[in-house]
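Only the coordinates and a few stated rules stand behind these numbers; no lab work does. Quantities reported herein were computed from a predicted structural model and do not represent experimental measurements. All Cβ positions, glycine included, derive from the backbone under ideal geometry; neighbour counts span all protein chains shown.
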Amino acid sequence: MSNVPWLTVLGLIPLVGALVVAFLPSAETAKRAALGVSLVTLLVGVGAASQFEIGSSEQFQLTEQHSWIPQFGVSYALGVDGIALALILLALILTPVCLLAAWNDLEGEAAAGRRVQTYYALMLVLLTFMVGVFAATDVFLFYVFFEAMLIPVYFLIGSFGGARRQYAAVKFLLFSLLGGLIMLVAVIALYFVGPGGSDGFLVSNLTGLDIDPTTAKWLFVGFFIAFAIKAPMWPVHTWLPDAASAARPATAVLLVGVLDKVGTYGMIRFCLQLFPDASAWATPVVLTLAVISILYGALLAIAQSDLMRLIAFTSISHFGFIVLGIFAMTTVGGAGASLYMVNHGFSTAALFLVAAMFIYRNHGRQHIEDFGGWQRVTPALAGVFLVAGLSALALPGLSSFVSEFLVFVGTYQRYPVAALLALPGVVLAAVYVLWMYKRSMTGPRPDLGRVVPDITLREKLVVAPLIATFLILGFYPKLALDVINPAVEQTLVHVGVEDPEPTQAGSGGER
């Protein structure tokens, strides 16, 4: 079993499945086939995870390496550490959840060509690229997957989104292409300052290089800009609310819940590991941007009247917390940030998908003012919405609390001022979540003039795994932290920093 190319198989299954789904004659058959392919991929992913050895001294496991373009030093090289494995599993779990949630998204459009088949095929293609981007251990291969993800997302938004889909899709594409172009320049420059040769783009060959400090700073900036756009961070965040609100809910979940994690994952894998001195040089600026993102995203979320845009702005705030933990340069902060990436994916998925269930029942109206009193109409669905919101605001006992707490503790160990400045984000999160729920769910029962069903069996199947992750990772975070911690520790070894020693009481401040 150890000779099985697990990561290649994980990428090929949804890609082959997409080709089959695209040419199926029936829309209903295509939906069932796509869901089946995603579940098979998930099972294979669980099998791959079972081969992962926790605590191994090797940075990457499940590795594969083949020469691809040796003249340019490009290899087909795959492998995962604990962080990459956790994010791949996140993608594998959320994809079938999203496919099931999107079951009626194109209702009535089956007659208009093969739109249903195309929609589901694009979702499977996107899954292939998500696996590839987190598994790539060759910098150029990573860049290929980084850019390839734009293709299915552009068509998922531009062809299947809402009224402003063309504007949102083009804006998303322009921002992403700009970041990708800047990163491509840095990728090429990195090859020339590295050892070169047929394996010149391997992460292992580019780690620990003695790079001129000025050159390293420019390379760091090239990578960081691309990752900050993808994350997204203030001030290059403006594409996200437009894209998330214009996209179909399932697309928005994969975009915000998984794809945007490529930005924060890239900061760990490339910015910190390849340019440790430049990362330390840029840390004060990055922490400042992270704090601004936390507060700005939360304040903008409070000001929103559109339900989907509100959820999108909460993610800008949450990504600020993730970046804060990454650049805290501590084991606790890094573990919290890595766990936050996973927990945010599940909590945001629940918010987007349950909000979409209400919008569907409200004939497509998504302004908060169009709701009110819906907990009296659909009490079970409103309860799920409340639980999703409580997870987003990091209520103790739910998964996001653990990761947010670790981020604050880890940041305070080295940068107490940044941690204290970010602290109001916790209060603002409670404000935007609880006020959103109050405005949309509480109040007198609305006179709808029709019978509105509460949560259906299909919707229960959609939200059940999400709520389960809230509880499991909330009460037993060790399940994920045991996988993530060794990868965080190895990254900090490459950076060359150690955790600050705690100040002892009564020692007069001595360490």
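Evaluate the stretch 473-486: report whether one residue or more is surrounded by 13 or more Cβ atoms within 10 Å (Cβ to Cβ) and assigned to a loop (DSSP other than H, G, I, E, B). Yes. Exactly one residue out of V203, V185, V193 is among the β-branched types (V, I, T), touching a helix residue (DSSP H, G or I) at 6+ places or on another chain (Cβ under 7 Å) and exposed (fewer than 15 other Cβ atoms within 10 Å of the Cβ), and it is V185.
Scanning the stretch 49-84 for residues that are in a helix (DSSP H, G or I), surrounded by fewer than 23 Cβ atoms within 10 Å (Cβ to Cβ) and within 22 Å of the chain's Cα centre (by Cα) returns a single hit, A49. Being closer than 23 Å to V342 by Cα and touching a residue at least 60 places away in the same chain (Cβ under 8 Å) is a condition met by at least one residue of the stretch 439-461.
Each residue in the stretch 1-32 was checked for being surrounded by 14 or more Cβ atoms within 10 Å (Cβ to Cβ), free of Cβ contacts under 8 Å to residues at least 40 places away in the same chain and farther than 27 Å from F142 by Cβ, and 2 pass. Just one of (1) more than 18 Å from P96 (Cβ to Cβ); (2) within 25 Å of the chain's Cα centre (by Cα); (3) in a helix (DSSP H, G or I); (4) not polar (S, T, N, Q) fails for L19. It is (2). Tell me which helices (runs of 4 or more DSSP H) are completely within the stretch 217-329 and hold 1 or more residues being more than 17 Å from the chain's Cα centre (by Cα), or say none if there are none. Where helices (runs of 4 or more DSSP H) fall fully within the stretch 217-329 and carry at least 1 residues being more than 17 Å from the chain's Cα centre (by Cα), they are 239-246, 276-303, 307-326. Looking only at the stretch 392-438, count how many residues are assigned to a helix (DSSP H, G or I) and over 20 Å from S347 (Cα atoms). Total meeting the criteria: 14.
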